[in-house]
Amino acid sequence: MDGHRVTPDLLHRLLAPAVARAPGATVLECQERTLTYGALDEMSNRLANVLRRHGVATGDRVGIDLDKSVEAVIAIFGILKAGAAYVPIDPRAPAGRVAYIIDNCRMRGLITTQARLAALRPALASTPSCVVLADAGAQADCIPWAEVLGASAGPPPDLQLVESDLAYILYTSGSTGEPKGVMISHRAALSFVNWATDYFQLRPGDRLSNHAPLHFDLSVFDIFAAIAAGATVAIVPAAASVFPRNLADWIERSRITVWYSVPSALTQLALHGGLDRHRHEGLRLVLFAGEVFPVRHLRRLMTQIPRAAYFNLYGPTETNVCTVYPVASPPSEQSAPLPIGRACAGTEVFALNEQGQPIAAGETGELLVCGPTLMEGYWGRPEQSQATLVAHPLQPGCPQRVYRTGDIVRLDETGNYHFIGRRDAQVKSRGYRIELGDIEAVLHRHPSVVEAVVVAQPHDEFGCTLRAVVTARENSGLARGDLAAYCAGQLPLYMIPADFEFRAVLPKTSSGKVDRKALQAGA
């Protein structure tokens with residue numbers, strides 16, 4: 001990276017240096033379509049001017065209800081340039097959930113398609129006053145994309161935005177069953193993006209994949225770190241995501257140099273992608289986050305793509321990425337899950353035991369995070385915000401808030417943290433406290449297990465019983481008795497699941513993670 005790179009103070013201002021340096025360079029590839037830096041700048045200016053002309057004001061929320069596309073990326077920058085916060089919506093979400101999000105954050109604007117709007121209207125309490133149709137659709141009360149194309153490409157209004165203003169709101173699953181909006185400021189997003197760009201030495205020649213949906217926080221790295229480096233981001237086609245061999249071919253054909261996704265996608269690549277058909281000479285970085293990567297599958301992947309450097313990134317949506325662990329070499333088959341590593345992006349991380357004291361090496365406790373990447377809070381939920389963003393417990397009088405992650409970690413002798421499980425995923429059975437992640441780690445070490453999740457089922461007598469849901473290698477012949485015997489050799493009796501269920505595939509959320517709530521509900 002250029003040591004003299006100017007650090008913008010607002011997220012969308014990352015675009016200007018890249019435009020000045022190489023306006024004709026490609027910033028985005030989406031199937032057969034491409035977009036240059038200059039065109040992204042001009043089109044987002046047009047959209048920003050249209051939004052302002054139709055009543056979108058500084059601090060308003062504007063939703064993006066689109067599939068990943070050229071228009072969706074233009075929408076992100078157009079909304080930011082208009083002084084508003086963008087709210088990406090899961091395009092697979094049911095109308096009722098989308099309507100809740102629109103009503104909950106009182107969206108002033110929405111960028112969508114005619115078909116999506118028609119499906120959504122019956123569920124809405126009120127339609128946002130400024131609706132832009134990003135397809136060829138036209139409705140009397142909506143702004144057609146043609147108006148955006150014909151708008152002024154001059155700079156949008158010079159707004160007095162500050163780093164603490166909201167850049168985007170990401171809605172995640174809430175414990176009440178209603179999604180909660182995580183509010184991320186320009187400062188928080190930029191702190192992560194600038195760290196990532198420098199730490200991974202991203203450069204104009206890089207080609208970053210975008211596997212994550214826009215409503216998932218991994219996409220923030222894909223888009224904004226690529227633009228900060230003047231690189232190209234290539235959107236993974238939906239068809240390639242479904243079939244691992246197609247995805248492997250797409251990575252090779254698209255000359256991807258930096259890959260970032262949840263481990264589940266990489267596991268499928270390692271097992272079913274036929275990676276030995278390609279040389280993978282250009283792929284220099286493989287980053288993963290969002291869930292535990294089974295060591296056996298990571299080892300296989302690292303053997304198949306040996307030239308790349310591998311990194312395990314950790315961080316809830318509320319903190320952006322806050323720890324990182326470089327995987328120096330393929331782990332042994334029987335090793336424990338990877339550490340989540342040490343603090344990054346200017347953050348402070350520490351763990352406290354149940355007595356509120358810092359843990360020592362070998363001990364476990366809840367992980368807390370302090371630093372510039374933290375969220376501003378949950379939209380419209382002040383009590384929940386105050387419960388998770390607390391005063392610094394070790395530095396009285398410190399003005400910075402600390403986020404309680406709810407994640408239980410162990411500190412090792414080298415100063416790296418290891419993820420153990422969720423505070424709310426710790427269960428009691430027959431009086432014993434059990435971390436479900438411990439059982440899952442053992443199951444993942446079985447040579448015939450591809451994926452495994454353990455859920456607790458309420459039980460009047462024992463508090464709960466444990467059920468393991470497993471996908472096995474094809475034609476492995478794995479049986480329930482085999483897994484019970486395997487667990488018995490490595491776990492105490494009270495931690496052995498009472499039932500083992502085999503499935504061809506595990507249900508996944510829209511972000512690609514295993515859907516634990518669906519399994520808990522028996523789906």
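The values are calculated or read from the model by the stated rules, or taken from the named source; none is laboratory data. For clarity, every value in this text was computed on a predicted model and none was experimentally measured. No Cβ is skipped: glycine too gets one built from the backbone with ideal geometry, and neighbour counts run over all protein chains shown.
What the table shows:
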{"item": "Any hit, segment 307-328, residues being in a loop (DSSP other than H, G, I, E, B), without any contact (Cβ under 8 Å) to a residue 60 or more places away in the chain and within 21 Å of residue 245 (Cα to Cα)", "result": "yes"}
{"item": "Filter result (at pLDDT 95 or above and either surrounded by 15 or more Cβ atoms within 10 Å (Cβ to Cβ) or in contact with a helix residue (DSSP H, G or I) (Cβ under 6 Å, 6 or more places away or on another chain) (or both)) within segment 121-150", "result": "128, 130, 131, 132, 133, 134, 142, 143, 144, 145, 147, 148"}
{"item": "Complete set of residues in segment 151-196 that are farther than 24 Å from residue 53 by Cβ, touching a helix residue (DSSP H, G or I) at 6+ places or on another chain (Cβ under 7 Å) and of a type in the set (A, V, I, L, M)", "result": "189, 190, 193, 196"}
{"item": "Residue in segment 137-146 that is free of Cβ contacts under 8 Å to residues at least 24 places away in the same chain, charged (D, E, K, R) and in a helix (DSSP H, G or I) present", "result": "no"}
{"item": "Some residue of segment 386-406 being under 30 Å from residue 468 (Cα atoms), touching a residue at least 40 places away in the same chain (Cβ under 8 Å) and either over 24 Å from the mean Cα position of the chain (by Cα) or surrounded by fewer than 21 Cβ atoms within 10 Å (Cβ to Cβ) (or both)", "result": "yes"}
{"item": "Boolean, residue 288 is in contact with a helix residue (DSSP H, G or I) (Cβ under 7 Å, 6 or more places away or on another chain) and in contact (Cβ under 8 Å) with a residue 40 or more places away in the chain", "result": "no"}
{"item": "Looking only at segment 481-523, and only at residues there that are more than 24 Å from residue 269 (Cβ to Cβ) and touching an Asp or Glu at 6+ places or on another chain (Cβ under 8 Å), the one that is surrounded by the fewest Cβ atoms within 10 Å (Cβ to Cβ)", "result": "523"}
{"item": "Unique residue being surrounded by fewer than 16 Cβ atoms within 10 Å (Cβ to Cβ) and farther than 30 Å from residue 498 by Cα when the list is 354, 413, 363", "result": "413"}
{"item": "Criterion: crowded, with 21+ Cβ neighbours inside 10 Å, outside the structural domain of residue 446 (by TED's automatic domain parsing), closer than 28 Å to residue 184 by Cβ and not polar (S, T, N, Q) - qualifying residue of 378, 325", "result": "378"}
{"item": "Test: residue in segment 116-125 that is outside any loop (DSSP other than H, G, I, E, B) and among the basic types (Lys, Arg)", "result": "yes"}
{"item": "Qualifying positions in segment 36-57 - touching a helix residue (DSSP H, G or I) at 6+ places or on another chain (Cβ under 6 Å) and closer than 28 Å to residue 107 by Cα", "result": "41, 43, 44, 46, 47, 48, 50"}
{"item": "Per-region count, segment 259-285, residues over 25 Å from residue 418 (Cα atoms), in contact with an Asp or Glu (Cβ under 9 Å, 6 or more places away or on another chain) and either part of a loop (DSSP other than H, G, I, E, B) or in contact (Cβ under 8 Å) with a residue 40 or more places away in the chain (or both)", "result": "8"}
{"item": "Given (1) modelled with pLDDT of 95 or more; (2) more than 15 Å from residue 314 (Cα to Cα), number of the condition residue 398 does not satisfy", "result": "(1)"}
{"item": "Residues satisfying the stated conditions in segment 336-351, i.e. on the phi > 0 side of the Ramachandran plot and surrounded by fewer than 18 Cβ atoms within 10 Å (Cβ to Cβ)", "result": "346"}
{"item": "Residues satisfying the stated conditions in segment 80-97, i.e. in contact with a helix residue (DSSP H, G or I) (Cβ under 6 Å, 6 or more places away or on another chain), within 24 Å of residue 509 (Cα to Cα) and either of a type in the set (S, T, N, Q) or part of a loop (DSSP other than H, G, I, E, B) (or both)", "result": "89"}
{"item": "Residue in segment 302-312 that is touching an Asp or Glu at 6+ places or on another chain (Cβ under 6 Å), closer than 30 Å to residue 190 by Cα and of a type in the set (S, T, N, Q) present", "result": "no"}
{"item": "Segment 10-35 - residue that is without any contact (Cβ under 8 Å) to a residue 12 or more places away in the chain and part of a helix (DSSP H, G or I) and, of those, nearest to residue 158 (Cα to Cα)", "result": "13"}
{"item": "Considering residues of segment 36-66 that are in contact (Cβ under 8 Å) with a residue 60 or more places away in the chain and assigned to a loop (DSSP other than H, G, I, E, B) only, the residue nearest to the chain's Cα centre (by Cα)", "result": "66"}
{"item": "Subset of segment 151-196 that is surrounded by 17 or more Cβ atoms within 10 Å (Cβ to Cβ) and among the small types (Gly, Ala, Ser) - its residue that is farthest from residue 514 (Cα to Cα)", "result": "151"}
